[in-house]
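The values are calculated or read from the model by the stated rules, or taken from the named source; none is laboratory data. Small disclaimer: the values here were computed from a predicted structure and weren't measured. Note that each Cβ is placed from the backbone with ideal geometry, even for glycine, and that neighbours are counted across all protein chains shown.
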Amino acid sequence: MFFSLQEIVKQELILLDGEHSEILRWVTSVSRILIPVVSVFILSRIAYSLFKSKQVPECWGYFNLANGLHIPISHWENLIGRARNCDVIMNFPTVSRNHAILMRQEDERWLLIDLASKTGISFMDKKVKDSVVIDYGDVITIGGIEAQLVGLTLEEKQRQEAREVPGREVNPALTMYLLTVLNILLGAQLCFAHPANFTFLIPFGFLIAIVIFWGYSILMKILRRSGFEIEQLAFYLTSIGLSVVTGSLANGAAVTVVTKTLLAFVIGLLMFLVLGWLLRDLKRANSMRWPMAVLALGLLLFSIVAGRVVNGAKNWVYIGGFSIQPSEFAKLCFVYAGTATLDRLFAKRNLLMYMILTVAIAGALAYTSDFGAAIIFFMCFLIVAFMRSGDIATISLIILAAFVGGLLLIRFKPYIAYRFSSWRHAWDLPHDGGFQQARTMSAAASGGLFGVGAGRGWLRNIVAADTDLVFGVVVEELGLIVGICCIISLLILLIFSVRSATHGRSTFYIIAATAAMSMLVFQMILNVLGSLDILPLTGVTFPFISNGGSSLLVCYSMLAFPKAADTRRLASFATRREFFYIPQRRKTV
Amino acid sequence: MRKIAMRTSACLLLVLFMIGGFGIYLFRYILEGDRWVTFQVNRHAYSDAILSVGKVVDCNGQLLASMSKGQQTFSSSELTRLSTLHAVGDIHGNIGTGVMNYHATDMMGYSRIGGVYSHTGRGNTIQLSIDAKLNNAAYTALAGRKGAVIAYNYRTGEVLCMVSTPSYDAYYPLSPEQLEWSYYDGVYINRCISSTFTPGSIFKIVTLTAAIENIPELFDMTFCCEGHTVIANEVITCSSVHGYCDIYDAFAGSCNVAFAEIAQMLSGEILYEYALKLGLLESFKVSDIPVAAGSFIIAAGGSVDLSWSGIGQYEDLVNPLAMTRLMAAIANKGVAVNPRLITGIIGEYGMPKGLKYRTTSNKRLMASETAVIMAKMLRYNATSVYNGYYSFAEYPGFSGKSGTAEMKDGKDPHGWFTGFLADIDNPIAFTVIVENSGWGMQQAAPIVDIILGEMNI
């Protein structure tokens, strides 16, 4: 029944293409203009919603000083000291530059940690040795200066609750409608691109995506969260990625290419929700770091033991009919393992364990010859190391060491040197070393600003076009404007994470969010600029768009980190609402 | 917290890197995008490395070439296929200046905005200014000899006739063996656009222009030709004994003795300056296709080389199209309307596309007073000498100069004829060169007669 219906529709389409090809032509000619217009519209709405509003910081209490100063405490982790970049600045000669850390506990109490300051901390007339737990109303002496920790009054809490909620200025529903239109246009183009290869999965694939998008928005509505621009960006990129894989289907590929992508999308979204929920509780989240580090290394060892060699790199594992890239999952674990709360950043040798992990991972990747992944892990390490230490000299030294290591690698792995030799010379060797890049540029230029229509490009017939050269496929078929929109989507994610950092509750979230988003942007840089012969081609995927289940799944999971760092009121499901209840042991002043 | 927040801004370096890197790509895309799309694996426009979209027609809409997937159609007339080969180009890209190759992006309708997307999938039509009928006549008149024929409208710039020989049938590409034959020497070169030749006496036009502006007493001078003269102990011979004559008759009779003297009076630097000013040494463009620049070497004053360089021998080289452009400038009071080969691009559903090829451009090559005198003298050439030959007397305002360029390697000389019609209704400038054929008046001039006759003037 189903297949006979599909056959009827297919025959009708073939007939339409033969007799009224003009109609099909107009569908492509009109939709190819509409898709970039809708894309720009979607992106500008999201960007406006994310960046327009002035972010009002959260407030968890005040530090009252004897001289009448009333310093708000706007994070869960605060650095107290004389330095200008402290969160609670106490500008007295007796206070050290970085004197102490004030951290919020699960039970609404605060932990005050002395950072081996000269003048120390006293509580209840006793010198505090390392740390002390204090409540609202307690008076402490920091470097001889008396300060009282006070909680928020009811009125202040109400003021917190009255902070601007995202979604007021820019209605997320309209953005969802635009995303729906985008998917319908893409689906229509692909149904008509090659009528002879029509299957119901082409329109259904987009239909399922639309249902998931709306299902997610309804879930957010139920959870009373109105800021899900981050997810909308991912949905936009997923739609474009879906058009790439469905285009392969329209060109005669097996149906599994689409079902796999949809499955990875659903699982990815679930993992995103689970991870987001996990991150709501800082203590719980923090306790997962060690298991994650072990998991990262375990996954890579697993791919060494059970992996198969594909395209020169041993990074695929086949389990029950599914092919999985453990190194993709290891990226997520690596970011997680690298992040840390503020107190750890002031601990001695705070990076040592992470460095050991990185070296172990580098060894595993060298063994599997996964050069692309190695460079991404290294970039992630650099970012985490810089954020945790702030030490430019050490970072420069590490980069120098890596550069030397890279040169040695090129010496011992000649195929990498071969890639470098054609770099910036793609057009001198368009049938040899510059094979993929020259084709990508030719196809991308053919697309112009609006593309030739989804599924109608030729670049997709080149090996690895839907992964390494996917940007060329997107620009050829959907145009340069859509290509730029994809780039901007990921840049927005990173910029937003950096912007959120100022208001984050814990450095744990901030480091994870910026490291994860930097990792995605870095992958995009390698993918886009590599395929366009501006950087050497490394064979890295474009996040969310490249065909690949593991990659898509992990990209969605990564989004949980910026969600956890987003402290706009009622914005993120991964940020717990804390102002609903009034703490019982609250002492008013 | 604030400390870490400040460190996170370092990640924005990645954003800058991406913007910078992609900016480089966009810059390259704008500069080189048209080169990228003509990569022959681009299946939007090529099939099996052969262009698969677009058409070329002549000025009357007659089909010269039509490209589609797996099928290439050319003119139904073999003669037209031969005579228009170099203007149209070949499917394998051997004739680089042919519009099919040089303007492939126009045939596919490529623009940086719309890419190569074609609504109908058939691409665009390039309309050439060339008239297949005139090309056929010129090709027949060349009769298997190597050479070039150009005629263009000096008011609109439209090239009406452009033939280069040897040629071959586009349906039957040459085999490697055929390419070895001397008959096919330089067959892939459009001699009108990409070649330069020794000019011989037609270079006297340049020497004379320089003399008019630099020798005030030129028109009061009398030259004495005994058939030869001696300069720096070397003999310069003349085609005949011209006796005592003024500059008009010296020019009409193409007196080498007189021009050898004039060259000495002028100096090599001045001759070079004028060859440059008159556009013979520059590479201008005909519908974007670059034209080969000629060359002129400055010889020392008093040397016989200086005299020879003023007569169009020595190391002088000119391009036929550049020579025609100079004629056009003289006919048009010193202002050359630049030649153009393409009169328009016709898009889908017959819609004209873009203004790029529809506009004319001008360049002043000489002062209008000089141009008027030159036109008068070239006209005098016809009334006193050339009108006695062929049907030249019948063409209104027929003006020109013949040339016979001696070859250093002892081969027969190149025969030249270049000129224009000083007639408002028939603003035609023309140049004919027949390689290694002999005397210009005998070899090149009859071809001019045939083309002008074909134009029904």
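Values computed for the structure shown
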{"item": "Whichever residue in region B:261-278 is among the aliphatic types (A, V, I, L, M), assigned to a helix (DSSP H, G or I) and touching a residue at least 60 places away in the same chain (Cβ under 8 Å) and, among such residues, is surrounded by the most Cβ atoms within 10 Å (Cβ to Cβ)", "result": "B:Ala275"}
{"item": "Members of region A:443-474 that are within 11 Å of another protein chain (Cβ to nearest Cβ) and among the aliphatic types (A, V, I, L, M)", "result": "A:Ala443, A:Ala444, A:Ala445, A:Leu449, A:Val452, A:Leu459, A:Ile462"}
{"item": "Any chance B:Arg112 is closer than 30 Å to A:Leu520 by Cβ and in contact with a helix residue (DSSP H, G or I) (Cβ under 8 Å, 6 or more places away or on another chain)", "result": "yes"}
{"item": "Subset tally (residues that are more than 8 Å from chain A (Cβ to nearest Cβ) and under 30 Å from A:Leu345 (Cβ atoms)) for region B:2-45", "result": "2"}
{"item": "Qualifying residue in region A:300-315 (condition: hydroxyl-bearing (Ser, Thr, Tyr), more than 17 Å from A:Ser551 (Cα to Cα) and in a helix (DSSP H, G or I))", "result": "no"}
{"item": "Any hit, region A:16-36, residues being part of a helix (DSSP H, G or I), under 30 Å from A:Ala193 (Cα atoms), away from chain B (no Cβ under 14 Å) and among the charged types (D, E, K, R)", "result": "yes"}
{"item": "Test: A:Leu570 is more than 17 Å from A:Ile267 (Cα to Cα) and either touching a His at 6+ places or on another chain (Cβ under 7 Å) or within 14 Å of another protein chain (Cβ to nearest Cβ) (or both)", "result": "no"}
{"item": "Residue count, region B:121-145 (criterion: buried (at least 17 other Cβ atoms within 10 Å of the Cβ), part of a loop (DSSP other than H, G, I, E, B), of a type in the set (Gly, Ala, Ser) and more than 14 Å from chain A (Cβ to nearest Cβ))", "result": "1"}
{"item": "Which numbered condition A:Ser226 misses (of (1) in a helix (DSSP H, G or I); (2) among the polar types (S, T, N, Q); (3) in contact (Cβ under 8 Å) with a residue 40 or more places away in the chain)", "result": "(1)"}
{"item": "Any hit, region B:65-83, residues being within 14 Å of another protein chain (Cβ to nearest Cβ), modelled with pLDDT of 95 or more and either touching a Gly at 6+ places or on another chain (Cβ under 7 Å) or farther than 23 Å from A:Gly451 by Cβ (or both)", "result": "no"}
{"item": "Members of region A:552-589 that are at pLDDT below 90 and of a type in the set (Lys, Arg)", "result": "A:Arg568, A:Arg569, A:Arg576, A:Arg577, A:Arg585, A:Arg586, A:Lys587"}
{"item": "Which listed residue, of A:Ala313, A:Ala330, A:Ala340, A:Ala306, is surrounded by 17 or more Cβ atoms within 10 Å (Cβ to Cβ), more than 30 Å from A:Ser506 (Cα to Cα) and either under 24 Å from the mean Cα position of the chain (by Cα) or modelled with pLDDT under 95 (or both)", "result": "A:Ala313"}
{"item": "Residue under evaluation A:Gly504, criteria (1) surrounded by fewer than 24 Cβ atoms within 10 Å (Cβ to Cβ); (2) within 11 Å of chain B (Cβ to nearest Cβ); (3) at pLDDT below 95; (4) not in a helix (DSSP H, G or I), criterion not met", "result": "(1)"}
{"item": "Options B:Ser52, B:Ser118: the member that is touching a strand residue (DSSP E or B) at 6+ places or on another chain (Cβ under 6 Å), surrounded by 21 or more Cβ atoms within 10 Å (Cβ to Cβ) and within 14 Å of chain A (Cβ to nearest Cβ)", "result": "B:Ser52"}
{"item": "Segments classed as strands (runs of 3 or more DSSP E), wholly inside region B:340-457, with at least 2 members that are over 18 Å from B:Pro320 (Cα atoms) and not basic (Lys, Arg)", "result": "B:342-346"}
{"item": "Residue in region B:184-191 that is farther than 14 Å from B:Ile95 by Cα, modelled with pLDDT of 95 or more and either more than 16 Å from the chain's Cα centre (by Cα) or surrounded by 15 or more Cβ atoms within 10 Å (Cβ to Cβ) (or both) present", "result": "no"}
{"item": "Any hit, region B:24-47, residues being out of contact with any Cys (no Cβ under 6 Å at 6 or more places or on another chain), of a type in the set (A, V, I, L, M, F, W, C), buried (at least 23 other Cβ atoms within 10 Å of the Cβ) and assigned to a loop (DSSP other than H, G, I, E, B)", "result": "yes"}
{"item": "Pick from region A:343-370, criterion in a helix (DSSP H, G or I) and hydroxyl-bearing (Ser, Thr, Tyr), ranking: surrounded by the fewest Cβ atoms within 10 Å (Cβ to Cβ)", "result": "A:Tyr367"}
{"item": "Flag if A:Leu429 is without any contact (Cβ under 8 Å) to a residue 60 or more places away in the chain, touching a helix residue (DSSP H, G or I) at 6+ places or on another chain (Cβ under 7 Å) and more than 10 Å from chain B (Cβ to nearest Cβ)", "result": "yes"}
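Yes or no, residue by residue, for (1) charged (D, E, K, R); (2) out of contact with any His (no Cβ under 9 Å at 6 or more places or on another chain); (3) in contact (Cβ under 8 Å) with a residue 12 or more places away in the chain; (4) within 26 Å of A:Lys129 (Cα to Cα):
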residue: A:Lys10; (1), (2), (3), (4): yes, yes, yes, no
residue: A:Leu34; (1), (2), (3), (4): no, yes, yes, no
residue: A:Leu50; (1), (2), (3), (4): no, yes, yes, no
residue: A:Leu69; (1), (2), (3), (4): no, yes, no, no
residue: A:His75; (1), (2), (3), (4): no, no, yes, yes
residue: A:Leu79; (1), (2), (3), (4): no, no, yes, yes
residue: A:Arg109; (1), (2), (3), (4): yes, yes, yes, yes
